[in-house]
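Derivation of every value follows stated rules applied to the coordinates shown; laboratory data play no part. Values in this document were obtained by computation on a predicted structure and should not be read as measured data. For neighbour counting, all protein chains shown are included, and Cβ atoms are generated from backbone atoms with ideal geometry for every residue, glycine included.
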Amino acid sequence: MGRKFLEGKRNLWNTCRKFYPLQDKKRGRSENMDSGIILLAHGSRRETANDVLPQLAEMVKKEAKYGRINCAFLQFTSPDLREALKEQAENGVKEITVVPVFLFNGIHLQEDIPEILAEEREKYPQVEIKMAAPLGADQRIGEIIKDRINEVREGV
């Protein structure tokens, strides 16, 4: 990945790599400092396509019980999964849940991501690294699809 390519990615990198505050001032509750979440998406060469992941992280962040939240990409942009895991591990997170923001259980979920996680578990034996199921064929996804169909049909 060339330097010129990365220069255009700095805003996305800064957005995705940040840890969210450890105190939720609105609710007055502390986040679980020992746990972390990494939202993992495929990634796109088209920078604006990657902007959705930080938006999803903000939605998840509203639940202070989840601790630190980062986002990462498997390909084409930064931060990648290894970078996000390193940042959380080096900041004292003891339990990391990687949430693949993928619909299909393809080769990335069956091979690529598990291989990366196995390598990173060896680097950080003090950290429990888990992977959640992909979004998949969940009834809630079906509801969103129906909403989108109705929006088009109703001219919304």
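Output wanted: per-residue J couplings in Hz (rounded whole) for the stretch 136-150, from phi through Karplus 6.51 cos²θ - 1.76 cosθ + 1.60, θ = phi - 60°, x for Gly and Pro.
In residue order, the calculated couplings are x, 8, 9, 3, 5, 5, x, 5, 5, 4, 4, 4, 5, 4, 5 Hz.
Could you list which residues have their amide H under 5 Å from that of Leu39, counting only those 5 or more apart in sequence or on another chain, with H placed in the peptide plane?
When sequence neighbours closer than 5 places are left aside, the close amide H contacts are Asn70, Cys71, Ala72, Val99.
Using a 10 Å cut-off on Cβ atoms, rank the peptides 132-141, 68-77, 43-52, 84-93 from the highest mean neighbour count down.
Sorting 132-141, 68-77, 43-52, 84-93 by mean packing, highest first, produces 68-77, 84-93, 43-52, 132-141.
What distance in nm separates the two pseudo spin-label positions at Glu111 and Ile145, each 7 Å out from Cα along the beta-carbon direction?
Taking the two extended label points, one gets 2.7 nm.
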